[in-house]
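The values are calculated or read from the model by the stated rules, or taken from the named source; none is laboratory data. What you see is a predicted model; the values in this text were computed from it and never measured. Methodologically, a virtual Cβ is constructed for each residue, glycine included, from the backbone with ideal geometry; neighbour enumeration extends over all protein chains shown.
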Amino acid sequence: MRIETLISTLALMTVLNGCAQKETVETKAEDDKAVEMTEQVNEDIGDLFADIPRAKTDNAAANVLLAPFSGPYDGAPQFDDAELSGLKPAMKAAMERNLAEVDAITDNPEPPTFANTIVALEKTGEALGRVYSYWGIWSSNMSTPEFRDIQEEMAPKLSEFFSKINQNEKLFARVKAVYEGEEMERLSPEQQRLVWLVYDGFASNGATLKGEAKERYAAINKRLAELHTKFANNVLHDEESYAVYFDEDEAGGLPSDFLAAAKDAAERMEGEGDYAVTNTRSSMDPFLTFADDRDLRRQVWEMYYSRGDHGGEYDNNALIAEILQLRDERVKLLGYDNYASWRLQNRMAKTPENALALMEAVWPAAVARVHEEVAEMQEIVDAEGGDFKIQPWDYRYYMEKVRKAKYDLDSDEVKQYLQLGKLREAMFMVAGELFNFKFTPIEDGVVPVWHEDVHVWEVTDRTSGKHIGLWYLDPFARPGKRSGAWASGFRSHDTLDGVEKTVLATNNSNFVEAAPGEPVLISWDDAETYFHEFGHALHYLSSNVDYPTLNSGVRDYTEFQSQLLERWLSTDRVIDNYLVHHETGEPMPEELVNKIKAAATFKQGFDTTEYLASALVDMRYHTVDPAGIDPDKFERETLAELGMPDELPMRHRSTQFGHIFSGEGYSAGYYGYMWADVLTADAAEAFAEAPGGFYDKELAKKLVDKLFAPRNAIDPAEAYRKFRGRDAKIDALMRDRGFPVPGGGDGESTIE
Ligand SMILES: [Zn+2]
């Protein structure tokens with residue numbers, strides 16, 4: 001779900017991205033032009049960076065991290081030689097080199113031009129980008145207490161470094177001169193957008209400030225970086241430190257694969273009991289769905305939803321208050337009313353009001369559905385003679401009973417058809433049909449990886465055989481790996497050096513490894529997430545932009561492409577060929593497929609409400625005056641005011657809401673998932689209605705050309721119109737979730 005939270009402070013630098021696939025003569029011609037243009041620009045830039053020494057240190061481990069990627073496939077990070085001891089000196093050397101590059105730009109006696117300023121700036125920071133590839137892996141995939149110490153120490157230094165660039169007056173003066181200069185109108189639309197993005201990156205990050213305000217701005221950023229890191233580490237601490245233990249006689253209702261993993265966890269954690277429920281979503285969620293023991297369910301629920309909220313050293317409440325106050329103070333320096341207004345100006349939604357309007361249009365229908373779901377569950381409780389009202393730790397458990405009764409859908413039965421390996425093949429098939437990509441496994445050892453579980457595939461164009469990039473897959477949970485699923489990358493597509501850079505993209509998840517020789521069976525939700533993250537990877541891989549900054553994501557738009565990919569999981573071609581029973585090899589029976597489709601609107605009250613509650617609280621946090629705010633009280637009062645049902649919590653309670661407090665990637669931006677969902681539902685209807693359905697060649701080409709390949713090279717609202725011929729409507733989303741369509745679906749409810 002998250003790509004750039006870690007590097008959200010890298011306002012001018014995009015480390016993660018995509019690559020190119022160009023088939024038609026027409027785009028080839030454009031491509032040649034782009035390369036020609038790049039050659040001209042490179043001539044103009046000349047030897048700007050020639051006198052700067054390469055980022056190098058007297059520490060051998062650091063030099064490994066700083067070195068250009070080596071080996072086959074245009075080079076890749078050398079994970080097998082990477083050592084944590086090199087990280088700090090490598091970071092320092094890379095930052096120094098980057099600052100020297102910036103100095104070379106600002107010291108240039110030539111007047112500022114697109115080439116010698118904007119493109120030159122795009123070329124800075126390569127060494128730092130490489131070090132960051134290793135940093136990202138140590139941070140998300142292979143975290144250790146040693147790394148976290150380094151991270152805490154380096155986060156403020158990094159922030160200081162970015163402030164030095166963002167607040168470099170000479171640099172901003174040059175950027176401004178290009179932005180306001182005559183050359184601007186001669187540039188291509190893509191180049192103009194690049195100039196605007198770079199200019200805006202400065203202007204909205206404090207470059208216009210002077211004197212004391214400027215110093216305060218930098219100090220705030222530095223402190224925020226510390227607070228974000230501390231917040232994330234506190235959550236991780238609580239996830240690793242707590243577990244609920246239970247014995248064989250308390251294991252009623254739990255599926256065998258869950259118990260096997262819980263047994264391993266108990267042995268690893270050496271607690272009192274045969275089994276352990278660890279404190280992560282992938283452990284909590286199935287436990288609350290299946291465990292018969294109501295008191296244990298309550299214990300697990302309380303453990304999970306108390307993360308970051310235990311008082312004492314690892315409590316996040318005070319951090320949230322300080323974060324909100326500093327964010328507010330910072331945007332006030334820039335003249336904005338509140339953080340959300342500042343944050344949304346370059347988003348597709350553009351204003352907090354637009355985002356709130358969407359959420360508030362859906363909220364009443366979601367809450368009304370919760371009340372219906374609770375009533376249904378209460379009937380079951382009463383019929384069973386249970387003398388209690390449904391509580392939050394009962395919701396998943398009784399909804400599973402409703403699911404079985406109403407849809408006769410047994411999630412364990414569904415799982416028998418969802419083998420991790422087959423799903424991967426299905427994703428490759430979809431990528432082949434839509435993107436014309438071919439995935440070929442690379443023999444272990446050829447491309448270095450960070451853990452033995454990680455495997456690598458080469459991505460090529462199916463027709464031309466052209467090399468597009470590499471795809472790394474890190475599928476399994478392990479200690480030190482953050483929870484959830486995400487996509488990331490080590491190299492993105494651009495043509496800065498006159499050649500197309502090939503892409504290094506990754507997908508990461510936390511599936512529980514099966515016993516040797518057994519297939520890994522996963523839930524329908526997890527299968528959707530698997531496709532989702534692959535959608536992010538395809539978005540990187542399909543990029544055809546010329547400049548790194550144009551690979552950057554627009555937060556309320558960048559989830560759209562990945563969410564749309566989820567829709568291919570339930571297409572006939574995937575079901576018939578890949579969703580096959582792990583023992584019999586039979587495809588999932590039509591009856592079961594129909595049940596899954598019918599069940600798609602199931603539990604939408606819960607799912608939509610728990611999400612929207614988080615999204616609305618996020619937006620409220622970032623639009624109110626945060627002076628003296630008490631997050632615990634604020635959360636309670638906001639939910640009460642919204643009419644939040646008592647029977648379920650926010651999906652992410654404030655003290656564990658890493659999306660918005662571990663960085664600024666999703667702050668005032670959690671609404672973006674639903675914004676993207678509106679686009680997703682609307683675009684999916686376009687495929688459903690196309691002559692060739694979800695594999696319609698013409699529409700697939702439009703999808704790739706208009707919505708994937710351009711990344712951020714075009715305004716998202718405009719890109720969407722080019723794909724759909726109109727703005728997206730909210731109606732398809734309401735239909736998808738089984739909610740009434742506002743105004744009866746007369747097309748008034750559009751978003752743009
Ligand atoms: Zn995502």
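Please tell me if E583 is charged (D, E, K, R), assigned to a loop (DSSP other than H, G, I, E, B), modelled with pLDDT of 95 or more and surrounded by fewer than 22 Cβ atoms within 10 Å (Cβ to Cβ).
yes
Across the stretch 411-445, which residue is farthest from A709 (Cα to Cα) among those that are in contact with a strand residue (DSSP E or B) (Cβ under 7 Å, 6 or more places away or on another chain) and among the polar types (S, T, N, Q)?
The extreme case among them is Q416.
Right, D677: in contact (Cβ under 8 Å) with a residue 60 or more places away in the chain, farther than 23 Å from V430 by Cα and acidic (D, E) or not?
No: the conditions fail for D677.
I'd like to know if the stretch 367-379 contains one or more residues that are within 30 Å of A276 (Cα to Cα) and part of a loop (DSSP other than H, G, I, E, B).
No - not one qualifying residue is present in the stretch 367-379.
On the basis of being closer than 23 Å to D677 by Cβ and either within 15 Å of the ligand (Cβ to nearest atom) or crowded, with 21+ Cβ neighbours inside 10 Å (or both), does F531 make the cut?
yes
Go over the candidates L699, L707 one by one and state the one that is under 28 Å from H539 (Cβ atoms), surrounded by 23 or more Cβ atoms within 10 Å (Cβ to Cβ), touching a residue at least 12 places away in the same chain (Cβ under 8 Å) and aliphatic (A, V, I, L, M).
Only one candidate qualifies: L707.
So which residues in the stretch 336-360 are in a helix (DSSP H, G or I) and either surrounded by 17 or more Cβ atoms within 10 Å (Cβ to Cβ) or in contact with a Leu (Cβ under 6 Å, 6 or more places away or on another chain) (or both)? Break it down stepwise before answering.
Kept after step one, since they are in a helix (DSSP H, G or I), are these residues of the stretch 336-360: 339-344, 352-360.
If the condition is that a residue be in a helix (DSSP H, G or I) and either surrounded by 17 or more Cβ atoms within 10 Å (Cβ to Cβ) or in contact with a Leu (Cβ under 6 Å, 6 or more places away or on another chain) (or both), then Y339, A340, S341, W342, R343, L344, P352, N354, A355, L356, L358, M359 are the ones that fit.
G136: over 29 Å from D51 (Cα atoms), touching a Leu at 6+ places or on another chain (Cβ under 9 Å) and touching a residue at least 12 places away in the same chain (Cβ under 8 Å), yes or no? Full working, then the answer.
Numbers: over 29 Å from D51 (Cα atoms): yes; touching a Leu at 6+ places or on another chain (Cβ under 9 Å): yes; touching a residue at least 12 places away in the same chain (Cβ under 8 Å): yes.
Yes.
Residues that are more than 16 Å from the ligand (Cβ to nearest atom), of a type in the set (D, E, K, R) and assigned to a strand (DSSP E or B): does the stretch 479-500 have at least one? Outline the logic, then answer.
In the first step, residues of the stretch 479-500 are kept if they are more than 16 Å from the ligand (Cβ to nearest atom); the result is 479-481, 490-500.
Those left that are additionally of a type in the set (D, E, K, R): 481, 491, 494, 497, 500.
Restricting the remaining residues to those that are assigned to a strand (DSSP E or B) gives 491.
Among the residues of the stretch 479-500, at least one is more than 16 Å from the ligand (Cβ to nearest atom), of a type in the set (D, E, K, R) and assigned to a strand (DSSP E or B), which makes the answer yes.
Out of all the residues in the stretch 547-561, is one or more in contact (Cβ under 8 Å) with a residue 40 or more places away in the chain, within 16 Å of the ligand (Cβ to nearest atom), surrounded by 23 or more Cβ atoms within 10 Å (Cβ to Cβ) and aliphatic (A, V, I, L, M)?
no
Listed residues D696, D677, D646; which is out of contact with any Cys (no Cβ under 9 Å at 6 or more places or on another chain), among the acidic types (D, E) and more than 28 Å from I390 (Cβ to Cβ)?
Within the list D696, D677, D646, the selection yields D696.
As an exercise: evaluate A599 against (1) closer than 29 Å to K230 by Cα; (2) in a helix (DSSP H, G or I) and give the number of the one condition it does not meet.
The single condition A599 does not satisfy is (1).
Can you tell me which residues in the stretch 723-735 are at pLDDT 90 or above and farther than 23 Å from H493 by Cα?
Of everything in the stretch 723-735, those that are at pLDDT 90 or above and farther than 23 Å from H493 by Cα turn out to be R724, G725, R726, D731, A732, L733, M734, R735.
Is it the case that V456 is over 23 Å from I575 (Cα atoms) and modelled with pLDDT of 95 or more?
Criteria met by V456.
Considering each of V277, V331 in turn, give the residue that is closer than 17 Å to S483 by Cβ, crowded, with 16+ Cβ neighbours inside 10 Å and among the aliphatic types (A, V, I, L, M).
Matching residue, one of V277, V331: V277.
Looking at the structure I just gave you, is L99 in contact with a helix residue (DSSP H, G or I) (Cβ under 7 Å, 6 or more places away or on another chain) and surrounded by fewer than 19 Cβ atoms within 10 Å (Cβ to Cβ)?
yes
Which is closer than 22 Å to G535 by Cα, in contact with a helix residue (DSSP H, G or I) (Cβ under 6 Å, 6 or more places away or on another chain) and among the acidic types (D, E), of D705, D715, D696, D682?
D682
Only residues in the stretch 430-451 that are touching a residue at least 12 places away in the same chain (Cβ under 8 Å) count as the first member; pair them with residues that are of a type in the set (A, V, I, L, M, F, W, C) and assigned to a loop (DSSP other than H, G, I, E, B), Cβ under 9 angstrom, at least 6 apart or cross-chain, and list the lot.
Listed pairs, sorted by first residue: P448/A82; W450/A82; W450/M142; H451/M142.
Which residue pairs have Cβ atoms closer than 6 Å, lie 6 or more positions apart in sequence or on different chains, and pair a first residue in the stretch 353-381 that is closer than 19 Å to A732 by Cβ with a second residue that is assigned to a helix (DSSP H, G or I) and among the β-branched types (V, I, T)?
So the pair list comes out as A366/T608; A366/T609.
Is it true that Y417 is farther than 22 Å from L521 by Cα and either assigned to a helix (DSSP H, G or I) or touching a residue at least 24 places away in the same chain (Cβ under 8 Å) (or both)?
Numbers: farther than 22 Å from L521 by Cα: no; either assigned to a helix (DSSP H, G or I) or touching a residue at least 24 places away in the same chain (Cβ under 8 Å) (or both): yes.
Criteria not met by Y417.
So which of L541, L564 ends up being within 16 Å of the ligand (Cβ to nearest atom), touching a Cys at 6+ places or on another chain (Cβ under 8 Å) and at pLDDT 95 or above?
Values: L564 fails: touching a Cys at 6+ places or on another chain (Cβ under 8 Å).
Being within 16 Å of the ligand (Cβ to nearest atom), touching a Cys at 6+ places or on another chain (Cβ under 8 Å) and at pLDDT 95 or above holds for just one of L541, L564, which is L541.
Say whether the condition of being without any contact (Cβ under 8 Å) to a residue 24 or more places away in the chain, within 16 Å of the ligand (Cβ to nearest atom) and charged (D, E, K, R) is met by at least one residue in the stretch 513-525.
yes
Being more than 30 Å from S543 (Cβ to Cβ), within 16 Å of the ligand (Cβ to nearest atom) and not aliphatic (A, V, I, L, M) narrows it down to one residue among R651, R636; which is it?
Residue meeting the stated conditions: R651.
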